[in-house]
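To start, the structure under review is shown below, and the notes come after it.
The values are calculated or read from the model by the stated rules, or taken from the named source; none is laboratory data. What you are looking at is a predicted structure, and each value in this text was computed from that prediction instead of being measured. Backbone-built Cβ (ideal geometry, glycine too); neighbour counts: all protein chains shown.
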Amino acid sequence: MDAPRRNAIIAFGSNLGDRAATIKQAANEVADLGGTVLLKLSPLYESAAVKPEGVDLDAPEYLNAVALINTDLPPEALLTELNGIEQDHGRERHERWGDRTLDLDIIWMDGVQMETEHLTIPHPRAFERSFVVVPWHDVQPTAVVEPHGAISALAEQLSHELHRYEVSS
């Protein structure tokens, strides 16, 4: 029996190196995963680094984007693939919420609610983060995720916390 195809939201973040190029290349690598189609990639947004103790204005700013994908990969297999892409881009895990070349998170997956040691879907903090909600609204403006509600309302509440990043040519 074939695995079910599901839409999913993947968040991209980078605050080290050539952030825009890293996110663009990582999006292409996600699109190249077996059984996966990249349906839409949001514009890039820039935001301050958030650490466990709050906003860190001394840390390099993040670029963020969100991709809407369709995949037949089960959640755990998708996470394994995303972790491999992070590692290929030099991701090192030394501290929680530390600076990074690339961060990829599964934020939401259609019809999936799960919590394991390594993966919680929907992502537990995504709905309070402007750098997830605003670009998510760009790729899936009619999304409603209970119990959080409409992405459009969440994006409107949080849009003042970040700005669209214009890539200079």
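Observations on the structure shown:
- Checking the stated criteria, Ala3 turns out not to satisfy the condition of being among the hydrophobic types (A, V, I, L, M, F, W, C), more than 19 Å from Leu158 (Cα to Cα) and without any contact (Cβ under 8 Å) to a residue 12 or more places away in the chain.
- Residue that is farthest from the chain's Cα centre (by Cα) [pool: residues in the range 14-25 that are surrounded by 16 or more Cβ atoms within 10 Å (Cβ to Cβ) and over 13 Å from Leu41 (Cα atoms)]: Leu16
- Number of the exception - Val145 against (1) modelled with pLDDT under 90; (2) over 24 Å from Val37 (Cα atoms): (2)
- Only listed residue being out of contact with any helix residue (DSSP H, G or I) (no Cβ under 7 Å at 6 or more places or on another chain) and under 16 Å from Ile23 (Cα atoms), chosen from Glu76, Glu115, Glu81: Glu81
- Of the listed requirements (1) over 19 Å from Tyr165 (Cα atoms); (2) assigned to a strand (DSSP E or B); (3) aliphatic (A, V, I, L, M); (4) within 12 Å of the chain's Cα centre (by Cα), Leu39 misses just one: (4).
- Summed over the range 16-52, residues that are modelled with pLDDT under 95 and either within 10 Å of Ala67 (Cβ to Cβ) or touching a Lys or Arg at 6+ places or on another chain (Cβ under 7 Å) (or both) total 2.
- Annotation for the range 145-164: no member residue is more than 22 Å from Asn15 (Cα to Cα), under 15 Å from the mean Cα position of the chain (by Cα) and in contact (Cβ under 8 Å) with a residue 40 or more places away in the chain.
- Selection status of Ile9, in contact with a strand residue (DSSP E or B) (Cβ under 7 Å, 6 or more places away or on another chain), within 24 Å of Pro124 (Cα to Cα) and not in a helix (DSSP H, G or I): yes
- Cβ separations smaller than 7 Å between residues 6+ apart or across chains give the following pairs from the range 88-111 residues that are at pLDDT below 80 to residues that are polar (S, T, N, Q): Arg91/Thr101; Asp99/Asn15; Arg100/Ser14; Arg100/Asn15.
- Residue match in the range 69-87 (condition: surrounded by 19 or more Cβ atoms within 10 Å (Cβ to Cβ), more than 16 Å from the chain's Cα centre (by Cα) and at pLDDT 90 or above): yes
- Any hit, the range 44-54, residues being of a type in the set (D, E, K, R) and outside any loop (DSSP other than H, G, I, E, B): yes
- Among the candidates Asn83, Asn64, the residue that is touching a strand residue (DSSP E or B) at 6+ places or on another chain (Cβ under 8 Å) and either farther than 28 Å from Val144 by Cα or in contact (Cβ under 8 Å) with a residue 40 or more places away in the chain (or both) is uniquely Asn64.
This table checks each residue for (1) out of contact with any Pro (no Cβ under 6 Å at 6 or more places or on another chain); (2) surrounded by 12 or more Cβ atoms within 10 Å (Cβ to Cβ); (3) within 20 Å of Ile85 (Cβ to Cβ).
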{"site": "Asp99", "(1), (2), (3)": "yes, yes, yes"}
{"site": "Gln113", "(1), (2), (3)": "yes, no, no"}
{"site": "His118", "(1), (2), (3)": "yes, no, yes"}
{"site": "Pro124", "(1), (2), (3)": "yes, no, no"}
{"site": "Glu128", "(1), (2), (3)": "yes, yes, no"}
{"site": "Gln140", "(1), (2), (3)": "yes, yes, no"}
{"site": "His148", "(1), (2), (3)": "yes, yes, no"}
{"site": "Ser159", "(1), (2), (3)": "yes, yes, no"}
